[in-house]
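In what follows, a single structure is set out as structure tokens and then discussed.
The values are calculated or read from the model by the stated rules, or taken from the named source; none is laboratory data. Predicted model only: the values in this text are computed from it and were never measured. Using ideal geometry, Cβ is built from the backbone for each residue, glycine included, and neighbour counts are taken over all protein chains shown.
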Amino acid sequence: MKRLEFFSRKRSLQNILKIFGLSLAVMLTSCEDDDNNNGAIDRGDFTNGVFVLNQGAFGVSNASVSYIAEDTVMGDIFTERNNTQVLGDVLQDMVSVDTLSFLVLNGSGSIMVVNNKNFEYVYEIEDGIDNPRYAVVYAGLVYVSQWGNDGQIVVIDPQQLTVINTIDVSAGPEGMAVINDELWVANSGGYGANDTVSVIDLSDYSVKETIKVHDCPQDVVEDVNGDVWVLTAGYNEYDMETWEVVRSTPGALHQINTNTYEVEKTLEVDEAIYGKPTRMAMAADGQSIYFGGGYGYPGIWEVNIDATELPVDKFADVAVNGMSVDPATGNLYVGIAPDYTSPGSVEVYDVNGNKLETYIENIGIGPCNFIFVSE
């Protein structure tokens, strides 16, 4: 499969022209707004819906983005809007700044930039990007975790479309959250094991705290009280000849005080029940946490932030590849991947665990993340 010809050309010409092009786009947008007699702002084609990020299969470059609006699902909107078959390899995350969206392509080792009004191609950031994972936005800048260079956070200027700074953390930085003007980073260990969370002061990019947790932290969320929760998966070490497990450590949910940086509570995961969970989402009210995603252990569990032990009963009996909470409705969107060669599906659950919707048509391979948009 080939990209459009301009996708594969040398980026030097784009580097020369991109600032001019973006400035022109801003100017034209301003003109459009000025010419609109009723003063309404053009929100584009994607409002009041959900972007579904489909990973695709590693090494095949068949990642895609679907869009759910009411009862309609648009499939592979990048291909449809750009007349090209390739978005990239292993789509992990997407964040937006003003009229631009930044798609994190782990396997491609790049950040694809599109106009979020129409999803048309703008630019592909490749310089300084190495094995990227997830992204957050703070003060108009994009922060991306990446496993390359022994574990870094790269800082992207969305106007220049370049990496303007890097922050060294530890091996395998994964999920992140901005809390109290600090960037909290779960250091998963990448292809090995790590057991730390880095806390970065975003005023000077210094790592002000390194907090020890269980092995392989995956994600970070904030609860209604302002405490941080970290999901750790635990780690299996294998004999390289027999592939038998020679050492296993448990995962856990850790509650951390953001003032003292002390771990106040650890709810250890029983692998016989939950496996090694890798997915977590905070409920819209900040009072409970959904977790799951242990390989070979289907199920989503919900635990209240005041609980002293993990529940045994499942919130939903489904094998989860990714999940996110709609902040407006509190509904939980779940990505399901039967394998990484066939299209997946999306299921939607209300706060009581009742299944509301199932989307199959136009969902891509490996749905893993959801981005909610509204006017």
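Structural remarks
- Among residues of the stretch 231-249 that are more than 30 Å from Val220 (Cβ to Cβ), those with a Cβ under 7 angstrom from a residue that is part of a strand (DSSP E or B) and modelled with pLDDT under 90, sequence gap 6+ or separate chain, pair up as Asp239/Val246; Glu244/Tyr238.
- Being outside any strand (DSSP E or B) and under 15 Å from the mean Cα position of the chain (by Cα) is a property that does not hold for Gly88.
- Looking across the stretch 50-83 at every residue that is part of a strand (DSSP E or B) and over 20 Å from the mean Cα position of the chain (by Cα), the one that is nearest to Pro327 (Cα to Cα) is identified as Ala69.
- Some residue of the stretch 326-334 being among the polar types (S, T, N, Q) and surrounded by 12 or more Cβ atoms within 10 Å (Cβ to Cβ): yes
- For the stretch 316-347, the set of residues classified as under 12 Å from Ile365 (Cβ atoms) and either touching a strand residue (DSSP E or B) at 6+ places or on another chain (Cβ under 9 Å) or small (Gly, Ala, Ser) (or both) consists of Asn321, Gly335, Ile336, Ala337, Pro338, Ser342, Pro343, Gly344, Ser345, listed by residue number.
- Taking the numbered list (1) over 23 Å from the mean Cα position of the chain (by Cα); (2) modelled with pLDDT of 95 or more in turn, Asp35 passes all entries but (2).
- Among the candidates Lys212, Lys208, residue that is farther than 21 Å from Leu267 by Cα and among the basic types (Lys, Arg): Lys208
- Any hit, the stretch 300-314, residues being of a type in the set (S, T, N, Q), surrounded by 15 or more Cβ atoms within 10 Å (Cβ to Cβ) and closer than 22 Å to Ala233 by Cβ: no
- Every condition in (1) of a type outside the set (D, E, K, R); (2) within 22 Å of the chain's Cα centre (by Cα); (3) closer than 24 Å to Asp93 by Cα is met by Gln255 except one, and the failing one is (3).
- Residues within the stretch 104-160 that are farther than 21 Å from Val221 by Cβ and β-branched (Val, Ile, Thr), tallied: 9
- Residue match in the stretch 231-243 (condition: crowded, with 22+ Cβ neighbours inside 10 Å and part of a strand (DSSP E or B)): yes
- When the strands (runs of 3 or more DSSP E) confined to the stretch 147-205 are screened for residues that are β-branched (Val, Ile, Thr) and touching a residue at least 24 places away in the same chain (Cβ under 8 Å), those reaching at least 2 such residues are found at 152-157, 162-168, 173-179, 196-201.
- Within the stretch 348-375, considering residues that are in contact (Cβ under 8 Å) with a residue 60 or more places away in the chain and out of contact with any strand residue (DSSP E or B) (no Cβ under 7 Å at 6 or more places or on another chain), the one surrounded by the fewest Cβ atoms within 10 Å (Cβ to Cβ): Glu375
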